[in-house]
Structures are given as structure tokens and as C-alpha cells.
Amino acid sequence: MTQFELQFYILITFLSYMFLLLVFHSKLRKLAFIPAVLFVICSLLLRLYVPIEKNADYGGYANFMFEEYHFQWKAIFSEPYFPLILNTLFKYTQDWKESLNGMYLINFVFSLIFYIWLAYRKNIKYWIKLIFFVFSYTLLTYTVLRNSPAYFLFGFLAYYLLLGKKFWAGYLGFLTHASALPALAATFLGFGKPTYKQFLLILLGALVFSSLLSLPYFSHITNRLDTYTDTNVADKYGVSIFHKLYLVMIIGLTLLIYKYKKTAVYNNFYCAIFLIYLILYFLNPVMAFRFSYYIIIYIVIYPFYGKLKYDKILNMVFSIVLGFVFYNIFFGSHFDLTLLK
């Protein structure tokens with residue numbers, strides 16, 4: 001296939017999702033299943049066309065020390081999802097690379113379910129959905145295999161908890177990535193306005209959690225992240241600057257939401273995860289970045305923002321601009337796509 005065909009597939013994947021959102025947020029909502037099917041087809045074509053090994057993180061997974069895995073309850077907090085599913089696939093394929101490719105396809109299916117579910121939420125704004133799709137789809141669908149299911153399950157969980165409903169499966173997110181543990185624990189604090197005593201308890205809990213990361217039990221996580229925080233690696237890839245800018249963005253976004261919808265961020269749950277993010281940033285910026293997606297997803301799925309007088313303008317502006325952003329993010333997260341023929 002030509003470079004033009006690749007660009008075409010990227011473009012129609014974005015346009016098909018935007019079309020789904022436009023139809024769902026119109027009087028034609030009952031027909032939203034049609035663009036939903038179109039989005040599935042376009043996404044599948046793009047996934048099948050782009051070689052899995054072109055992904056930026058593929059080398060890290062391919063160099064993973066493949067070995068037979070036996071689940072043990074004492075290792076329940078050691079992210080058993082990835083090795084367990086990988087070993088299950090290996091029993092059928094007898095090839096580690098094919099098994100890894102199968103993991104990518106499973107993650108792709110999870111991603112489709114989540115983004116279509118998100119598109120169908122009536123009380124989440126069109127432009128918020130579109131922004132989140134553009135900036136997260138490539139990362140969560142193509143790049144991270146262990147984190148993504150945890151993020152998706154947390155999104156389901158937080159949304160339904162905010163509406164006073166339950167989604168118990170959401171608490172299984174820690175099985176795929178340990179970063180979900182503090183976010184899941186914070187949901188038990190509820191979403192009410194924190195009192196002075198509650199705020200102190202939240203601060204204490206955040207400090208205790210951060211100190212637990214030094215235990216050998218979590219070394220399998222911290223050891224991996226030490227590579228990214230090495231001074232030479234961080235300077236070479238701009239990691240240090242990126243995380244500083246990301247910290248400013250998270251703080252700025254929190255302050256902006258506080259101004260327009262105070263209850264969205266001034267509650268027990270958000271205070272807890274925001275404090276944990278800040279503490280993690282000073283311990284390990286990469287760890288903070290991985291955790292920040294729980295903050296972002298919570299902000300995205302929060303269902304009580306209400307109408308803004310600028311909604312229609314934001315819908316139009318982001319619809320026009322974000323297609324270029326989506327294209328650049330997709331290319332930036334893959335190696336040598338320009339060489340595809």
C-alpha cells in the first residue's frame with residue numbers, strides 16, 4: 001500500500017469517530033449505530049495495515065523475558081494480566097511474537113469498546129469527547145498494553161459511581177497495572193466536599209501510598225521507570241521538559257475547572273488523586289505521568305459540567321483543528337511509517 005493510502009486510513013479513522021459524535025449529539029441519535037459500525041471498520045483497516053512492530057513501544061514488549069507464567073494469589077498485585085494472557089495465547093500459537101501480536105489485537109478490541117461507549121454518553125460534551133479521542137486513542141490503542149485496560153475500567157467505574165451506580169468490574173483494573181490501586185482506593189472516599197479532617201487524612205494517605213512504593217514488592221514497577229528517568233535518556237528524548245509542561249497543564253486544568261465547576265475537583269476523590277499525582281511527580285515524573293491518565297479520564301467522564309455558552313464554538317473549532325493533531329500524534333508514535341510501501 002502507498003503512503004497516500006496510509007494517510008487516508010488515518011484520516012477516515014478520525015472522521016468516522018467525529019461523525020459518530022456528530023450524529024449522536026444531533027436529532028439523528030437513533031442512527032448513531034451506523035457511524036459506530038463505520039468507525040469500527042475504519043479503525044480495523046488502520047490497525048491491520050500498520051505493522052505492529054512499527055509501534056514505538058514494541059521493542060520493549062518484544063524484548064520482554066518470555067517465560068512460562070503460573071498465577072499465584074500472593075502475586076495478585078504484581079500485574080498478572082499481561083503475562084497470564086500472553087501465556088494463554090502462547091499455548092495456542094507456540095510462538096511468542098504471534099502471542100504478543102494477539103495481545104495488541106485484544107487491546108484494540110478493548111479500545112473500540114471504550115471509545116464507542118464514551119461516544120454514547122449523553123451527559124459528556126461533544127468537544128470533550130473529541131479532544132480526548134485525538135490525544136489518547138493512539139497511545140491507549142497502539143502503544144500501552146498493560147496500562148490501557150486499567151484506564152478503561154477506571155473510566156467505566158468513575159462514570160457510574162458519579163451517577164450513583166455500581167460497576168464492580170472496574171475494581172479489577174489493578175490486575176493489569178498497579179497504578180490503578182490508589183485511584184481505585186480513592187473512590188471509596190466518595191465525591192463529597194472534603195472537611196478539614198478528611199483533607200488531612202487524604203494527605204496522610206497519599207504520603208503513605210507514596211512511601212509504599214519503596215518496598216521491594218513494587219520494585220518490578222519502579223525498576224522499569226528508572227530507565228526513563230535516567231538523566232541521559234531524559235535529556236535525549238526531552239522527557240524532563242515534557243513532564244514539567246505536563247505538570248503545568250494538569251495544575252492549570254484543575255484551576256480552570258475549579259473556577260467554572262468547583263464541585264468537579266473540590267471533592268474527596270479528586271483531592272486524593274491530585275495530591276498523589278503531585279507527590280509522584282517529585283518521586284518519579286514518569287510514574288506521575290502514567291498515573292495522570294486517571295485524572296484526565298475522570299475530568300473527561302465527569303457528567304455534570306452543564307451547558308457553556310461557548311459549546312457550539314468549541315465544537316466547530318475542535319472539529320476543524322484536531323484532525324491534523326490526530327494525524328501527527330499517530331505518526332509520532334510509530335517508527336518509519338514514511339517507509340511503508
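Can you tell me which residue among Ala158, Ala186, Ala169, Ala150 is of a type outside the set (S, T, N, Q), part of a helix (DSSP H, G or I), closer than 17 Å to Ile299 by Cα and modelled with pLDDT under 95?
Matching residue, one of Ala158, Ala186, Ala169, Ala150: Ala186.
State whether one or more residues within the stretch 108-122 are over 20 Å from the mean Cα position of the chain (by Cα) and closer than 24 Å to Ser136 by Cα. Within the stretch 108-122, one or more residues are over 20 Å from the mean Cα position of the chain (by Cα) and closer than 24 Å to Ser136 by Cα.
Restricting the first member to the stretch 152-167 and to residues that are of a type in the set (Ser, Thr, Tyr), and the second to residues that are not in a loop (DSSP other than H, G, I, E, B), the beta-carbon pairs closer than 8 Å and six or more apart or on different chains are Tyr159/Ile301; Tyr160/Gly170.
Return the only residue of Leu130, Leu157 being in the same structural domain as Phe77 (by TED's automatic domain parsing) and either more than 24 Å from Ala272 (Cβ to Cβ) or buried (at least 22 other Cβ atoms within 10 Å of the Cβ) (or both).
Working: Leu157 fails: in the same structural domain as Phe77 (by TED's automatic domain parsing).
Every option except Leu130 fails the conditions.
Checking every residue in the stretch 27-37 against the condition of being closer than 29 Å to Val317 by Cβ, touching a residue at least 40 places away in the same chain (Cβ under 8 Å) and in the same structural domain as Leu140 (by TED's automatic domain parsing) gives at least one match. Within the group Phe108, Phe114, which residue is touching a Gly at 6+ places or on another chain (Cβ under 7 Å) and in contact (Cβ under 8 Å) with a residue 24 or more places away in the chain? The unique qualifying residue is Phe114. Only one of Tyr246, Tyr294 is surrounded by 20 or more Cβ atoms within 10 Å (Cβ to Cβ), assigned to a helix (DSSP H, G or I) and not assigned by TED's automatic domain parsing to the domain that holds Ile124. Can you tell me which? Every option except Tyr294 fails the conditions.
Would you check if Phe274 is assigned by TED's automatic domain parsing to the domain that holds Lys125 and modelled with pLDDT of 90 or more? Taking the combined requirement at face value, the residue does not satisfy it.
Name the residue, out of Leu278, Leu253, that is surrounded by fewer than 20 Cβ atoms within 10 Å (Cβ to Cβ), over 22 Å from Phe133 (Cβ atoms) and out of contact with any His (no Cβ under 8 Å at 6 or more places or on another chain).
On the way: Leu253 fails: over 22 Å from Phe133 (Cβ atoms).
Answer to the check: Leu278.
Would you mention how many residues in the stretch 9-51 are of a type in the set (Val, Ile, Thr) and crowded, with 18+ Cβ neighbours inside 10 Å?
5
So that you can scan it fast, the table gives a plain yes or no per residue for (1) in contact with a Leu (Cβ under 6 Å, 6 or more places away or on another chain); (2) assigned to a loop (DSSP other than H, G, I, E, B):
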site: Pro83; (1), (2): no, no
site: Asn87; (1), (2): no, no
site: Phe90; (1), (2): no, no
site: Gly102; (1), (2): yes, no
site: Ile116; (1), (2): no, no
site: Ile124; (1), (2): no, yes
site: Ile128; (1), (2): no, no
site: Thr138; (1), (2): no, no
site: Tyr142; (1), (2): no, no
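Among the residues of the stretch 44-81, the ones that are assigned to a loop (DSSP other than H, G, I, E, B) and modelled with pLDDT of 85 or more come to 2 in all.
The values are calculated or read from the model by the stated rules, or taken from the named source; none is laboratory data. Values in this document were obtained by computation on a predicted structure and should not be read as measured data. Cβ coordinates were reconstructed from backbone atoms using ideal geometry, including for glycine residues, and neighbour counts include every protein chain displayed.
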